[in-house]
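Asker: Mind looking over this structure? Questions follow.
Please treat every number below as a calculation from the coordinates, not as lab data. Note that the structure is predicted; figures quoted are calculated from it, not measured. Glycine also receives a Cβ, built like all others from the backbone with ideal geometry; neighbour counts cover every protein chain displayed.
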Amino acid sequence: MATPNLDRIETRLKQLSQSWSSTRTGQAMGYALLGGGKRLRPRLVLSQVRVLSDSAVDVACALEMIHTYSLIHDDLPALDNDDLRRGRPTVHKAYDEATAILAGDGLLNAAFETVLDLPLDPAQKLACCRVLADASGIHGMIGGQDSDVFEKLDTVEAITDMYILKTGKLLGAALVLGAILDGRETEAPALMAIGEKLGVLFQIQDDVLELTQDTQTLGKSNNSDAQNHKTTMVALQGMDLALNEIDRLSSQVKIGLSALSVDSSATMSIINEILVRNH
């Protein structure tokens, strides 16, 4: 499989954002998109393709645009009301709330523009847009955010379902997009299931890190859940059971990857990086 090239992702994100820089909203879009981060989602896309093409890099960048838009809106006063993201002021703090809303909207649309502009087979292009829309919409990330904000989540099952929607769907989309670009659409269900498990694992890790790391290390507030009166998996089950669940899910993710028809060592490398993260 292709080795995900972080420099190539960063370079292309900068290139794509240049056309936005003439407006205040566009500048805020660039501020958020180019503000660092682990770039896990675009790297996961590229980890599932055998030939690293320009089109694959652009699809990966489109997914990162959607992820970044979600962070901008998550941080808004009406939702999590956070002041820091990736160690810098959030967009509504660096600019203002109206600009942050528009910047998030702009990145969501830019993601689809980026894919639609690609010289891909029309069916392949449509399949990518379908995956992006499903994973980020009401049956995916937005549905998870709805549960997080409006529902009383007081069981392991309810929190797990929310984590799958809020985080797992986009991580699954990353793997599925790579498979579509690689001509392996039949593996999409298995890859989405892997991504969903990875999303739950990732969110439980976030619960743990919020209690064990300081704000400087996290690059964001380390008590946001408590301030927003959210029940986390750690709060519900305790630290030991949460850590055990991370181990259980990581084993399932690795088993799933090993069952694929292609070498997934590049994907496995990113998974291992996630497992030892401290922010």
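Asker: Among Leu33, Leu6, Leu16, which is over 19 Å from Val176 (Cα atoms) and free of Cβ contacts under 8 Å to residues at least 40 places away in the same chain? Give the steps one after another, and end with the answer.
Answerer: Numbers: Leu33 fails: free of Cβ contacts under 8 Å to residues at least 40 places away in the same chain; Leu16 fails: free of Cβ contacts under 8 Å to residues at least 40 places away in the same chain.
Step by step, each of Leu33, Leu6, Leu16 is checked, and only Leu6 is over 19 Å from Val176 (Cα atoms) and free of Cβ contacts under 8 Å to residues at least 40 places away in the same chain.
Asker: Yes or no: Val176 surrounded by fewer than 23 Cβ atoms within 10 Å (Cβ to Cβ) and in contact (Cβ under 8 Å) with a residue 12 or more places away in the chain? Step through it out loud before you land on a result.
Answerer: Numbers: surrounded by fewer than 23 Cβ atoms within 10 Å (Cβ to Cβ): no; in contact (Cβ under 8 Å) with a residue 12 or more places away in the chain: yes.
No: the conditions fail for Val176.
Asker: Being closer than 22 Å to Ser70 by Cα, touching a strand residue (DSSP E or B) at 6+ places or on another chain (Cβ under 9 Å) and β-branched (Val, Ile, Thr) is the requirement here; does Thr215 meet it?
Answerer: Answer is yes for this residue.
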